[in-house]
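Below: one structure, written as structure tokens.
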Amino acid sequence: MRIRKTSVLFTSALAASLALTACGGSGNGAGGDGGNDADAAGGGSDGKVMRLALNQTEDHPSYIALDNFGQALADEAEGWGIDVYPNEQLGAQAEALQLVSDGSVEMAIVSGAQLENLNEDFTVYNLPKVFEDVDHQMDVVNNPDELTQDLFASLEEGSKITVLGAFTQGSRSVYTSFGPVESTEDLAGKKMRVQESALNISIAEALGASATPMAYGELYTGLQSKVVDAAENNEVSYYTQKHFEVAPYWTYTNHVVGLDYLIINSDVLSSMDDDTRAAFDAGWEQAWKEHTELWAEATQEAIDGAKEGGATFTEIDSPEFDEALTKIAEEYISNENQQALYDQARGN
Ligand code: GCU
């Protein structure tokens with residue numbers, strides 16, 4: 001797997017955990033949902049029941065849409081199916097990326113932050129203010145033009161990973177255990193958990209905090225034990241991961257509209273015959289559309305649920321944050337391809 005310079009920090013600790021994770025998986029048919037029909041039949045000789053690593057709970061829109069995707073594929077393509085393993089059962093996202101690359105796990109959902117570490121051009125779609133809204137974002141990544149298609153194929157040669165498209169992560173904001181944040185001063189000296197990428201470290205720093213990269217599944221305990229004082233995410237994760245219990249102050253910084261990419265081992269994808277591939281593509285289209293529909297509803301439920309659990313949500317208007325985030329977007333476009341991807345996304 002070819003890893004670029006920026007990723008060394010985030011991938012060097014992987015090796016030790018990989019062997020364990022690869023052995024520790026519960027194997028075909030033992031996914032969180034007990035498997036779909038193809039799986040129950042053990043898979044046909046020509047098909048494959050693929051394992052998909054996910055770090056969300058079973059009530060998250062991603063799990064629901066992917067589980068339906070697996071069922072649709074099993075119905076249409078004999079012997080094929082998808083078993084979704086939720087809650088980091090197959091490892092946190094950095095491990096899942098490696099496992100898909102080496103073929104020990106067939107598919108995963110990984111945040112854009114993880115792909116930045118393999119090809120810095122993915123950074124463009126993770127920048128503050130690149131997408132107007134979720135519909136704009138879904139159109140760019142799920143109806144890809146040639147430039148985006150090349151980006152999605154760019155990991156095949158070095159890492160055997162094909163990117164198929166993405167779910168929205170919605171808009172991400174900051175939450176803390178100590179109070180709302182309206183200025184960089186409020187976050188000065190505070191530790192904010194971030195996803196493992198250089199851009200995410202810069203975003204936390206632009207907001208005034210010091211950044212602590214950490215896997216998603218470790219964050220509840222991190223907040224509870226005060227290893228970190230703050231984090232940032234969408235409302236759905238805030239609620240489904242129960243972070244509101246240990247960090248009840250949400251502030252709408254809306255610093256990024258994030259993406260969760262669907263990735264697959266390139267050899268597995270190319271082993272599909274034409275009919276299977278057509279069923280697979282149709283299933284995925286159905287899945288991201290269903291996910292987008294579920295998202296708005298799940299966001300509202302998350303806000304209501306977190307409020308019932310004692311969380312407060314604060315709206316802010318912070319020119320200081322806006323300015324700092326705009327600067328980051330400029331700093332992180334450092335090559336021609338990134339500029340072209342940015343211009344294309346912005347419709348320039
Ligand atoms: C969101 C996103 C995940 C990501 C997580 C994180 O929940 O959907 O893919 O891993 O944020 O902050 O790590």
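Assessment of segment 90-102 against the conditions (part of a loop (DSSP other than H, G, I, E, B), out of contact with any strand residue (DSSP E or B) (no Cβ under 7 Å at 6 or more places or on another chain) and of a type outside the set (A, V, I, L, M)) yields no matching residue. Number of residues in segment 261-283 that are in contact with a strand residue (DSSP E or B) (Cβ under 7 Å, 6 or more places away or on another chain) and surrounded by fewer than 21 Cβ atoms within 10 Å (Cβ to Cβ) equals 3.
Summed over segment 284-309, residues that are surrounded by fewer than 15 Cβ atoms within 10 Å (Cβ to Cβ), free of Cβ contacts under 8 Å to residues at least 24 places away in the same chain and over 27 Å from VAL140 (Cα atoms) total 2.
Residue check, LYS48 against (1) surrounded by 23 or more Cβ atoms within 10 Å (Cβ to Cβ); (2) more than 12 Å from the ligand (Cβ to nearest atom); (3) closer than 20 Å to LEU97 by Cα; (4) of a type outside the set (Phe, Trp, Tyr), all met but one. Which one? Evaluating LYS48 over (1) surrounded by 23 or more Cβ atoms within 10 Å (Cβ to Cβ); (2) more than 12 Å from the ligand (Cβ to nearest atom); (3) closer than 20 Å to LEU97 by Cα; (4) of a type outside the set (Phe, Trp, Tyr) leaves (1) as the failure.
Against the list (1) surrounded by fewer than 22 Cβ atoms within 10 Å (Cβ to Cβ); (2) under 18 Å from SER111 (Cβ atoms); (3) out of contact with any strand residue (DSSP E or B) (no Cβ under 6 Å at 6 or more places or on another chain); (4) aliphatic (A, V, I, L, M), the condition ILE201 fails is (3). Checking segment 131-149 against the condition returns no match, with no residue being buried (at least 20 other Cβ atoms within 10 Å of the Cβ), aliphatic (A, V, I, L, M), over 15 Å from the mean Cα position of the chain (by Cα) and farther than 17 Å from TRP288 by Cα. So, in segment 82-108, of the ones that are among the β-branched types (Val, Ile, Thr) and over 15 Å from LEU155 (Cα atoms), which residue ends up farthest from the chain's Cα centre (by Cα)? Once the filter is applied, the top-ranked residue is ILE82. Among the conditions (1) without any contact (Cβ under 8 Å) to a residue 12 or more places away in the chain; (2) within 9 Å of the ligand (Cβ to nearest atom); (3) not hydrophobic (A, V, I, L, M, F, W, C), SER225 misses just one, which is (2). Restricted to segment 151-238, the set of strands (runs of 3 or more DSSP E) holding at least 3 residues that are over 23 Å from ASN119 (Cα atoms) comprises 161-176, 230-233.
The numbers here are math on the coordinates, done by the rules we state, and not lab data. None of the values given here were measured: they were computed from a predicted structure. Using ideal geometry, Cβ is built from the backbone for each residue, glycine included, and neighbour counts are taken over all protein chains shown.
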